[in-house]
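**Q** One structure coming up, written as structure tokens, with questions to follow.
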Amino acid sequence: MKPSSAPAFSDADAADKVVRKSEAKFRVIAAVTVGNALEMFDFTIFSFFAVMIGKQFFPATTPLASLLMTMATFGAGFVMRPLGGLVMGAYADRFGRKPAMMLCTSLMAAGTGIIGVTPSYDSIGVLAPLLIVTGRLLQGFSMGGEVGASTALLAEAALRNSRGFMISWQMASQGAAALVGALTGYLLSTFLSQQELDSWGWRLPFLFGLMLGPLGYAIRSMLHETPPIESRKGHAVRLVFSRFYHPLITGVLLMTGGTASMFIVVFYMPTYLVVGLHMPTSVSFLGACLAGAILLVGSPFAGLLSDHLARRKPFVIFSRLLGASLIYPAFWLLNHTAQPAFALVAIGTLAGCLTLGSGASFLLLVESFPQAVRATGFSLVYSIGVSIFGGFAPFVVTWLIEVSGDPMSPAHYMIVCSIVSLIALIPMKEHSTEPLGN
């Protein structure tokens with residue numbers, strides 16, 4: 001009998017293979033998370049410094065009018081998100097996730113740089129707000145493609161029983177960006193006078209984000225990705241709208257609850273606490289720091305929890321119901337107590353509910369699209385949902401507060417969005433047992 005020519009694998013070989021897989025997974029998480037966090041930091045610091053930016057670039061007869069114009073500019077970045085998702089998502093499906101992510105990093109750095117160096121309205125007149133809007137539009141286009149490509153890559157790099165953990169790093173990276181952005185605002189408001197902060201201090205985070213752009217590009221350039229396969233070379237946009245319109249529509253509606261909570265609790269809250277509730281700037285930034293920290297630390301644990309569940313849809317429903325039931329009490333607490341500690345408790349509670357089901361929600365959406373159109377489909381779902389219900393949420397609730405005189409308007413808005421999100425979950429199908437490489 002001839003000896004077998006097949007190599008014999010020792011326990012050491014098997015262990016080495018496991019180590020290599022773990023290292024590869026870690027590289028994907030690091031490249032996606034760090035790069036995405038840098039982009040999200042660039043995109044979100046605008047919201048933390050909205051009041052100061054309004055004074056510099058949108059002079060008006062009243063502070064509220066200036067703030068409304070600033071919030072509209074904040075929302076303008078979200079107008080470009082669907083276009084960015086359409087163009088960059090299709091680019092990622094055709095040429096690969098890595099090149100799309102690297103291009104998005106460059107575009108984000110350019111938009112952030114424009115905002116950071118643009119002279120004030122007093123210096124160059126109407127050109128100043130036009131440049132600020134241009135920077136926001138460029139940032140929005142970049143973010144529209146970033147989330148779809150990076151989330152698809154995270155999901156496709158995961159084993160079937162670890163998808164929740166892998167994809168949770170998308171939300172964790174957003175938490176990291178919020179934490180660093182809010183911490184930056186807290187330090188600047190602590191060590192600079194209000195005059196210094198209004199005149200030039202607010203520019204420092206944007207210049208910092210501009211300098212970090214090359215770092216994100218370098219990190220992502222070291223990421224290894226399988227070259228585009230033949231199925232990626234079709235017309236992804238046409239396929240999404242012709243064959244996958246059902247998950248597209250239900251996905252956009254599912255995004256409403258989570259995105260409304262994200263942008264009000266994390267990004268609008270500093271403005272709400274300062275302008276609406278007259279709390280110190282430092283307290284508002286601490287609240288955003290707390291929300292960001294909960295998202296950063298809690299998301300991976302929530303992802304691990306979802307991986308141990310046979311079905312994720314009931315888990316998402318539970319988390320959304322829990323969050324919806326606590327919105328009104330949390331805002332009541334904010335409006336009826338003047339103690340910073342109570343404000344932090346309310347913010348932390350809402351951020352915890354958001355964290356609990358966000359990763360599982362993302363996974364339901366990503367699994368709804370096959371690999372050939374996954375980046376395009378998820379980019380459109382995320383960018384359209386965020387643009388309509390998240391990006392303009394600060395503007396809408398600021399306007400509602402002014403018109404109705406009710407400081408609880410943000411709670412009402414979030415509750416309505418949560419109900420829409422729950423309704424969208426009813427017809428949504430689970431694909432957790434199916435491979436993601438088809």
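The values are calculated or read from the model by the stated rules, or taken from the named source; none is laboratory data. From a predicted model like this one, the values you see are computed outputs, not experimental measurements. Here Cβ is always computed from backbone atoms with ideal geometry, including for glycine, and neighbour counts include all displayed protein chains. Please note that ligands, DNA and RNA were not included when accessible areas were found on the heavy atoms of the full protein model with its side chains. Shrake-Rupley method; radii C 1.70, N 1.55, O 1.52, S 1.80 Å.
**Q** Could you tell me which of rounded, prolate or oblate describes the range 250-303, using a ≥ b ≥ c as the square roots of the eigenvalues of the alpha-carbon gyration tensor, with rounded for a/c under 1.5 and, failing that, prolate when a/b is larger than b/c and oblate otherwise?
**A** oblate
**Q** Could you calculate the contour length gain from SER242 to PHE26, that is, 0.36 nm times the residue separation minus the distance between their Cα atoms, to one decimal place in nm?
**A** 74.1 nm
**Q** Additional query: How high is the relative contact order of the range 280-428, in percent, counting Cα pairs under 8 Å that sit 6 or more residues apart?
**A** 32
**Q** Here's a follow-up. Quick check on the chain: helices-only [θ] at 222 nm, where DSSP H runs of length 4 and up contribute -39,500 (n - 2.57) each and the sum goes over total residues. Nearest 500, please.
**A** -25500 deg cm²/dmol
**Q** Could you compute the FRET efficiency for ALA65 and ASN161, with r as their C-beta to C-beta distance and R0 at 35 Å, rounded to 0.05?
**A** Rounded to the nearest 0.05, the efficiency is 0.05.
**Q** Give the calculated FRET efficiency between LEU277 and MET222 to the nearest 0.05, with a Förster radius of 45 Å applied to their Cβ-Cβ distance.
**A** 0.50
**Q** Find the centroid of the Cα atoms in the range 114-141 and in the range 390-424, then give the distance between the two in whole Å.
**A** Computed from Cα coordinates, the inter-centre distance equals 28 Å.
**Q** Let me have the relative contact order for the chain, percent, based on Cα pairs under 8 Å that are six or more residues apart.
**A** Relative contact order, the chain: 26 percent.
**Q** Tell me, what is the percent relative contact order of the range 175-312, built from C-alpha pairs under 8 Å that lie six or more residues apart?
**A** Here the relative contact order equals 48 percent.
**Q** How would HIS308, HIS235 rank on accessible area, largest to smallest, probe 1.4 Å?
**A** Listed by decreasing accessible area, they come as HIS308, HIS235.
**Q** Name the shape class, rounded, prolate or oblate, that the alpha-carbon gyration tensor gives for the range 180-335, where a ≥ b ≥ c are the square roots of its eigenvalues, rounded holds for a/c under 1.5, and otherwise prolate holds if a/b is larger than b/c and oblate otherwise.
**A** Judged from the Cα gyration tensor, the range 180-335 comes out oblate (a/c at least 1.5, b/c at or above a/b).
**Q** Rank these by accessible area, largest first, 1.4 Å probe: GLU39, GLU402.
**A** From most accessible down to least: GLU402, GLU39.
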